[in-house]
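Below you'll find the structure, written out as structure tokens, and then a few comments.
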Amino acid sequence: MAIFEKGIIFEGVDTSDQSCWTLAAYQARGGYSALRKLVENKTPQDEVIAEVKNSSLRGRGGAGFPTGLKWSFMPRSFPGDKYVVCNSDEGEPGTFKDRDIMWYNPHALIEGMIIAAYAMGVKTGYNYIHGEIFEVYERFEAALAEARAAGLLGDNILGSEFSFDLFAHHGYGAYICGEETALLESLEGKKGQPRFKPPFPASFGLYGKPTTINNTESFASVPFIIKDGATNFLEAGKPNNGGTKLFSISGHVNRPGNYEIPLGTPFAALLEMAGGMKNGKKLKAVIPGGSSAPVLPGEVMMDLTMDYDSISKAGSMLGSGAVIVMNEDVCMVKALERLAYFYHEESCGQCTPCREGTGWLYRVIHRIENGLGRPDDLDLLTSVGNNMAGKTICALADAAVFPVRSFTKHFRQEFEYHIENKKCLVDHKWF
Ligand code: L3W
Ligand code: SF4
């Protein structure tokens, strides 16, 4: 996917240059100067964490949890091993941003993780990379080798007393391994199934030790915060929503791809950047934050800005920033059927409400789509969803229910039409 707008992470990255990912290219862009500044000045750990807190950086993986606050949970005086882990298990339908960070600018992530380790007094880190992106994994390994050879990883980094090593781990492609505790289980060599929370990874993480897990984009934002200051980062976005954010736009736009833009940018401006609606069709609906985020009608989206607060006030989530744009030709029943199948397929099966409920949701929507819907099917979907949401170990069950609730709320007429007339209200050409 191409990157069309560049902000903090992609500033100065010439993606047409085959060597833009290398250590030499990164250093020519000012890379590793943030780390150098910290180790040379022996900056106190608390100062680094305070800077990240002040930047208002919020987790870019989906939950938007404040990164500096998360770092402050790490017990500094803990006597044994503790870890930093990067969640690069990008698998949310619609999301394709983290792979581009690792492909075009892997050293930004590596430097961000080294800074995190410095701030939290950690000696070992892992980057868990989604199993279906082979070339990206190999490139990240190559970048790690460069960093090690240059003394940026390993013992006595840049001649200081600070030592840290970082390893890549290739997953196997299961969506659930993007859930942080399933990721840790998988990293330990076990079946990737989520753990009960609490305890959170901050106190009981990898191998039962304190662990800080952040998303790829979150770590890759850190070098800028240290180099240019929290205020500059914060001011690039809006209060409580600091910085720029990568939005992966897919669907019926003229230029699908990744756009790194200030948080708080109007959705209408983002749509314009993406070349507007394909073939001049009307905007019908938008999933603003990956398939787990509730869908919103197009006219609602046109009044929103792209930031955590604005999207959640409208009843959805900014999530991982995957913006799925749907035009007037999309059959919302077919679209929901596709999403329901995904969650049914990806449920890890541990909890009965999720294992059985995702199957019920899929089968009921499937029969509505195929002209076999029954008059009480919409009530049945509501009832199944109410028996799933908030009743399971992890958020996958909720993620399966949110689209069902929002599609049947905003586009109820289409579902009713399918049930009553055994055919589609729109001439669907996409799904
Ligand atoms: C210590 C506490 N730590 C919270 C930590 C927690 C985690 C972070 C956020 O789900 C969402 C999900 C998907 N002491 C803590 C604490 N933490 N309280 O803060 O926690 P949480 O539970 O709010 O979220 P989560 O489990 O990380 C993430 C949504 O993101 N999503 C998923 C996208 C998927 C991808 C992908 O494929 N890679 O991005 C999109 O919307 O549904 O709601 O670290 O430990 N008291
Ligand atoms: Fe597994 Fe679903 Fe339970 Fe999550 S909610 S632990 S995916 S069964």
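Residue pairs whose Cβ atoms lie under 7 Å apart, separated by 6 or more positions or on different chains, with the first residue in region 18-42 and within 16 Å of Ala150 (Cα to Cα) and the second surrounded by 21 or more Cβ atoms within 10 Å (Cβ to Cβ) and β-branched (Val, Ile, Thr), are Ala34/Ile115; Ala34/Ile226; Leu35/Ile114; Leu35/Ile115; Val39/Ile157.
For region 343-364, the criterion of being open to solvent by less than 40 Å² (accessible area, probe 1.4 Å), of a type in the set (Gly, Ala, Ser) and modelled with pLDDT under 95 is satisfied by no residue at all.
Quick one: which of Ala174, Ala236 is among the small types (Gly, Ala, Ser), buried (at least 16 other Cβ atoms within 10 Å of the Cβ), more than 16 Å from ligand 1 (Cβ to nearest atom) and modelled with pLDDT of 95 or more? Walk me through it before giving the result.
Values: Ala174 fails: more than 16 Å from ligand 1 (Cβ to nearest atom).
Checking each option against the conditions leaves just Ala236.
Working only within region 393-415, note down all residues that are open to solvent by 40 Å² or more (accessible area, probe 1.4 Å), within 23 Å of Ala285 (Cα to Cα) and within 16 Å of ligand 2 (Cβ to nearest atom). The one that is open to solvent by 40 Å² or more (accessible area, probe 1.4 Å), within 23 Å of Ala285 (Cα to Cα) and within 16 Å of ligand 2 (Cβ to nearest atom): Phe402.
In region 147-156, the count of residues that are in contact with a helix residue (DSSP H, G or I) (Cβ under 7 Å, 6 or more places away or on another chain) and at positive phi is one or more.
Just need a number here: residues in region 258-276 that are open to solvent by 30 Å² or more (accessible area, probe 1.4 Å) and closer than 27 Å to Arg405 by Cα. Final tally of qualifying residues: 2. For Gly321, the criteria (1) in contact (Cβ under 8 Å) with a residue 40 or more places away in the chain; (2) at positive phi; (3) open to solvent by 40 Å² or more (accessible area, probe 1.4 Å) hold in every case but one, which is (3).
Any residue at all in region 107-128 that's over 24 Å from Ser33 (Cα atoms), in contact with a helix residue (DSSP H, G or I) (Cβ under 6 Å, 6 or more places away or on another chain) and modelled with pLDDT of 95 or more? Checked against the condition, which is being over 24 Å from Ser33 (Cα atoms), in contact with a helix residue (DSSP H, G or I) (Cβ under 6 Å, 6 or more places away or on another chain) and modelled with pLDDT of 95 or more, region 107-128 yields at least one hit.
Checked against (1) touching a helix residue (DSSP H, G or I) at 6+ places or on another chain (Cβ under 7 Å); (2) over 18 Å from Thr231 (Cβ atoms); (3) open to solvent by less than 40 Å² (accessible area, probe 1.4 Å), Arg36 passes all but condition (3). Within region 327-370, the only residue that satisfies the criterion of being more than 16 Å from ligand 1 (Cβ to nearest atom), under 28 Å from Cys177 (Cβ atoms) and touching a strand residue (DSSP E or B) at 6+ places or on another chain (Cβ under 9 Å) is Ala335. Could you grab me the full set of residues in region 132-191 that are more than 17 Å from the chain's Cα centre (by Cα), in a loop (DSSP other than H, G, I, E, B) and within 16 Å of ligand 2 (Cβ to nearest atom)? Matches in region 132-191: Tyr172, Lys190, Lys191. Could you grab me the full set of residues in region 217-239 that are out of contact with any Leu (no Cβ under 6 Å at 6 or more places or on another chain) and among the hydroxyl-bearing types (Ser, Thr, Tyr)? Within region 217-239, Ser218, Thr231 qualify. Just to be sure before I move on: is Ser291 touching a strand residue (DSSP E or B) at 6+ places or on another chain (Cβ under 9 Å) and among the hydroxyl-bearing types (Ser, Thr, Tyr) in the structure I sent? Yes: the conditions hold for Ser291. The set of residues in region 194-233 being of a type in the set (Phe, Trp, Tyr) and either within 16 Å of ligand 2 (Cβ to nearest atom) or buried (at least 24 other Cβ atoms within 10 Å of the Cβ) (or both) consists of Phe196, Phe200, Phe219, Phe224, Phe233.
Do we find a residue being under 26 Å from Leu270 (Cα atoms), touching a helix residue (DSSP H, G or I) at 6+ places or on another chain (Cβ under 6 Å) and crowded, with 19+ Cβ neighbours inside 10 Å anywhere in region 372-392? Please lay out each step first, then the result.
Step one: of region 372-392, the residues under 26 Å from Leu270 (Cα atoms) are none.
Checking region 372-392: not a single residue is under 26 Å from Leu270 (Cα atoms), touching a helix residue (DSSP H, G or I) at 6+ places or on another chain (Cβ under 6 Å) and crowded, with 19+ Cβ neighbours inside 10 Å.
The single condition among (1) open to solvent by less than 10 Å² (accessible area, probe 1.4 Å); (2) within 10 Å of ligand 1 (Cβ to nearest atom); (3) over 13 Å from the mean Cα position of the chain (by Cα) that Pro66 does not meet is (1). Against the test of being within 30 Å of Gln27 (Cα to Cα) and open to solvent by 40 Å² or more (accessible area, probe 1.4 Å), the options Leu158, Leu166, Leu153 yield a single qualifying residue, Leu158.
Hey, among the residues in region 69-92 that are touching a residue at least 60 places away in the same chain (Cβ under 8 Å) and surrounded by fewer than 18 Cβ atoms within 10 Å (Cβ to Cβ), which one's nearest to Phe164 (Cα to Cα)?
Of the residues in region 69-92, the ones touching a residue at least 60 places away in the same chain (Cβ under 8 Å) are 70-71, 73-75, 78, 80-92.
Now restrict to residues that are surrounded by fewer than 18 Cβ atoms within 10 Å (Cβ to Cβ): 73, 75, 78, 80-81.
Numbers: Phe73: 20, Pro75: 17, Phe78: 16, Gly80: 15, Asp81: 12 Å.
Per the criteria, the residue is Asp81.
The values are calculated or read from the model by the stated rules, or taken from the named source; none is laboratory data. Everything numeric here is computed off the predicted structure, so don't read it as measured data. Note that each Cβ is placed from the backbone with ideal geometry, even for glycine, and that neighbours are counted across all protein chains shown. Protein only, heavy atoms only, side chains kept; ligands, DNA and RNA dropped before computing areas. Shrake-Rupley method; radii C 1.70, N 1.55, O 1.52, S 1.80 Å.
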